[in-house]
Protein chains: 2
Amino acid sequence: MAKIAILGYGTVGSGVVEVLKTNQISINRRAETDIELKYVLDLREFPGSSIEHVLTHDYMDILQDDEVDIVVEVMGGIEPAYTFVKQALERGKSVVTSNKELVAKHGPHLLEIAKEHYVNFLFEASVGGGIPIIRPLNQSLTADEIYEIEGILNGTTNYILSKMKDEGLDFDVALKEAQDLGFAERNPESDIEGHDTCRKIAILSSLAFGWHVDYENIYTEGITKITQKDMVYAKAMGMDIKLLGRCKKEGDQVCLAVIPMLIGANHPLNNVHGVFNAILIKGNVIGDVMFYGAGAGKLPTASAVVADIIDASKHKGKNIIVQWSMKKMKLMPITDGHFNYFIRVKLHQEKEGRAVIEKTFSHVEWVQVEEDPNSIGFITDTIREGDITINIEKLSKSEEIIAVESMIRLER
Amino acid sequence: MAKIAILGYGTVGSGVVEVLKTNQISINRRAETDIELKYVLDLREFPGSSIEHVLTHDYMDILQDDEVDIVVEVMGGIEPAYTFVKQALERGKSVVTSNKELVAKHGPHLLEIAKEHYVNFLFEASVGGGIPIIRPLNQSLTADEIYEIEGILNGTTNYILSKMKDEGLDFDVALKEAQDLGFAERNPESDIEGHDTCRKIAILSSLAFGWHVDYENIYTEGITKITQKDMVYAKAMGMDIKLLGRCKKEGDQVCLAVIPMLIGANHPLNNVHGVFNAILIKGNVIGDVMFYGAGAGKLPTASAVVADIIDASKHKGKNIIVQWSMKKMKLMPITDGHFNYFIRVKLHQEKEGRAVIEKTFSHVEWVQVEEDPNSIGFITDTIREGDITINIEKLSKSEEIIAVESMIRLER
């Protein structure tokens, strides 16, 4: 018998209760014991609900009950989650969480405490919802030196970008639609400004390299500046715009960024639409592997949480070692990173404008669309980010160019 | 220190040696011990090669050496692999293998022996090359009841089909090209007749359901009957033809088959081209998840083998439980399975021919292509396989129809 307590009866928490009930028989068979829900912690009351008899408002009930083997933290946010999780681990209880903020900020510290107490701190659901990615990174891709991770890690922004592309909607309209359908929060900042993706790529990079990536040091751009005009050019190039969490080794440094990118038709991430997530990992021996699935949602996320509960129960008294040092990884400044760029400019005269651009960049590929006769787009060779900034400034100052309208990094 | 012996110095075996050397430092860090290659078993000599000093021709050297913790079987075929693996497990050595035939045939028995001796029998590389799929099935998708698996599990056939579609090549020409490039064997039967896919889907289904799927009971069609004309119609429908290993629950029965299928543009497997593999898994709570990567090749396969070596070394003396009973799973006869079908017929007169087809099938979608003016294609509703056979026979006997030229199952 493994007794569990769930902290927070919101979307994920109620999903966990539902999954445990729906698949009870096979879950218990795989856990090799019966999983029993002993407590749900929530400040609210749920009169008449199935969890009424296990509801508590006091975390001490859970912490001090030595029958509770596994604490499931699905409240979100740093506090009180951090204090609760720390206390549980110190008390010899394993913790399963879906809380990306908590994991990104305190992951290595909590892993250390878990190790000291022969219990486990598991967080499969913190990245990619139901997609198995944390366990494969820790246990399957171990023969490789990973040199690149690219992920569509936020379903809300991917839904908005898909709508902009497929239906020609403007950003604001697509966002409003996502909000109306419940795919975006009323306060969408964390998604559309890239903060959510930022925490997730920090977790994945930390696990891939074994050092701690401080998410506050990751260069982060959202999708709020992407316009319908950008989409028109993307379509003309047969490309798609996706918000990527991206981590790439350049020499012995690592370039980490959250950025919207144009990606080519044959790129494995190109086919990932709507609220789906996908993570592409490149290793020096395995080559490219990709993991795809529902990146959020009540049941997919609960599926990952419950898989962790099963794992925690199977590893009672045995710590599963995760290599994630508290030592901070030094990141390459974004200005030293190298990208290809798509740049769109408004010109006075096409011929003269082109000449200025060709003088600034050694080699470009032109992109023109009927819908935008006064502008021209071009794709650059691979250039250092710091240099592109200088070159864009040069163009902006040129008399032949009215304005540099947009710059999006690009990968085929 | 974990000492290993590799049985077979072919493509995969030499790949394992290469990976262990290339990523030695990170591999040892993740294994939490030094992995040392003590023997390579091969009947051949390799004078001057790096493995010369560890080469043996006698398996007894390995079996009787109690320093050897892990035996890596990468010879392929049933014998002597089966005997060697069995002896190693009984002697208390863990075994890692890439041998799909061995796993499909003797998997549950060898897992049982491993369990009895507190060692492990690991086979991540037996399906999907480098793609992590065995471990995710066993350890990550545990909260779910899986109800469908669809996999592009054979890179050779996927390469041939991609070439036929993209370059308009006939099957024979595409096969010849694959052979010339080393993507297909001189004797390609196991790939193109679907036998390789058959063993792999048997392994995946066994793990998903916990019962033993006997691959000899799986309905298996290859791709040898797929013609360029089929590809023309596929393109007209915006679809693609892929050889799938497919396992689907229908009620409380399971329909297993290896069949070429037409799949729609938005199907997650549609974007898997060339020698890449992908496995789509559907669970009752997680929804759809897909795993994608290089399904074969020296280094990707070796990457999976080495990840298993690391896992075996970390679990010394502890058996990782895998649920795969020796009890055989009863499969639904293919005639009871349900599919949508694309059928192509040659007609005397279009109007009369259509009338016969419309009388035979309650509802069809017509597909016509300029390149094939005397024939017509149509997509049926979902129909029982047994009934489609009867209906096709009816059409064949009709005076209005010259011939039923092809039948391919279809999924959007």
Normalising by the residue count of the range A:180-248, find the relative contact order in percent from Cα pairs under 8 Å and 6+ residues apart.
35
Modelled FRET efficiency - R0 51 Å, B:Arg91 with A:Lys346, Cβ distances, 0.05 increments:
0.10
Helix-only estimate, please: 222 nm mean residue ellipticity of chain B, summing -39500 (n - 2.57) across DSSP H runs of length 4 or more and dividing by its residues, to the nearest 500.
-10500 deg cm²/dmol
Which distances, shortest first and in nm, link B:Thr83 to the matching position in the other copies, using label points set 7 Å out along Cα to C-beta?
6.8
In whole percent, what relative contact order does the range B:134-294 give with Cα contacts below 8 Å and a gap of six or more residues?
33
Say we join alpha carbon atoms closer than 10 Å with springs in a Gaussian network model of chain A; which of A:Ile218, A:Ile51, A:Ile62 then has the biggest fluctuation?
A:Ile51
Ratio Rg/Rh [Cα only; Rh per Kirkwood] for the range B:108-161
1.07
Using a Gaussian network model on chain B with a 10 Å cutoff between Cα atoms, which of B:Thr11, B:Thr157, B:Thr97 fluctuates the most?
B:Thr11
Within 10 Å of each residue's Cβ, count the other Cβ atoms and sort B:Leu299, A:Leu55, A:Leu331, B:Leu243 from fewest upward.
A:Leu55, A:Leu331, B:Leu299, B:Leu243
Connecting every pair of Cα atoms under 10 Å apart in chain A and solving the GNM, the largest mean-square fluctuation among A:Ala236, A:Ala278, A:Ala302 falls on A:Ala236
Output the antiparallel fraction of DSSP beta bridges having both residues in the protein assembly as shown, as a percent to the nearest 5.
65
Can you grab the distance from the C-alpha centre of the range B:96-130 to the C-alpha centre of the range B:166-230, Å, no decimals?
22
Chain B: Kirkwood hydrodynamic radius (Cα pairs, Å) comes out at 22.8
Dividing the alpha-carbon Rg of the range A:249-300 by 2.2 N^0.38 Å yields what?
1.37
10 °C / 1.306 mPa s Stokes-Einstein diffusion coefficient of the range A:335-411, Kirkwood radius on C-alpha pairs, µm²/s:
128
Using Cβ counts within 10 Å as a stand-in for footprinting exposure, how do A:Arg44, A:Arg412, A:Arg135 rank, fewest first?
A:Arg44, A:Arg412, A:Arg135
With contacts defined as alpha carbon pairs under 8 Å and 6 or more residues apart, what's the relative contact order of chain B in percent?
18
Exercise: per-residue mean of other protein chain Cβ atoms within 10 Å, B:137-150
6
Counting only DSSP beta bridges with both residues in chain B, what percent are antiparallel, rounded to the nearest 5?
65
Counting pairs of Cα atoms in the range B:1-160, how many percent are more than 26 Å apart?
30
Theoretical gain in end-to-end length, A:Ile390 to A:Glu67 [0.36 nm per residue, Cα-Cα removed]:
110.0 nm
Note down the nm distance, to one decimal, between modelled labels 7 Å out along Cα→Cβ at A:Thr56 and at A:Lys359.
7.5
Multiply the residue gap between A:Glu116 and A:Thr335 by 0.36 nm, knock off their C-alpha separation, and tell me the result in nm, one decimal place.
74.8 nm
Where the Cα atoms of the protein assembly as shown are projected onto their three principal axes, how long is each span, largest first, in whole Å?
74, 72, 70
Unsatisfied cross-links (Cα-Cα over 21 Å) in the set B:Lys242/B:Lys359; B:Lys115/B:Lys316; A:Lys165/A:Lys249; A:Lys38/A:Lys316; B:Lys200/B:Lys242:
B:Lys242/B:Lys359; A:Lys165/A:Lys249
Please express the shape of the range A:145-294 as an equivalent ellipsoid: the semi-axes are the square roots of 5 times the eigenvalues of the C-alpha gyration tensor, given largest first in whole angstrom.
26, 17, 13
Between the range B:295-313 and the range A:1-28, how many Å separate their Cα centres?
34
Once amide hydrogens are built 1.01 Å from N within the peptide plane, the residues lying 5 or more places from A:Val254 or on another chain with amide H under 5 Å from its amide H are A:Met332
Taking the Cβ of each residue in A:Asp58, A:Asp214 as the centre, tally the other Cβ atoms inside 10 Å and list the residues starting with the fewest.
A:Asp58, A:Asp214
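Each value in this text was obtained by applying a stated rule to the coordinates, not by laboratory testing. Bear in mind the structure is a predicted one, so any value in this text is a computation, not a measurement. Every residue, glycine as well, gets a Cβ built from its backbone with ideal geometry; the counts of neighbours run over all protein chains shown.
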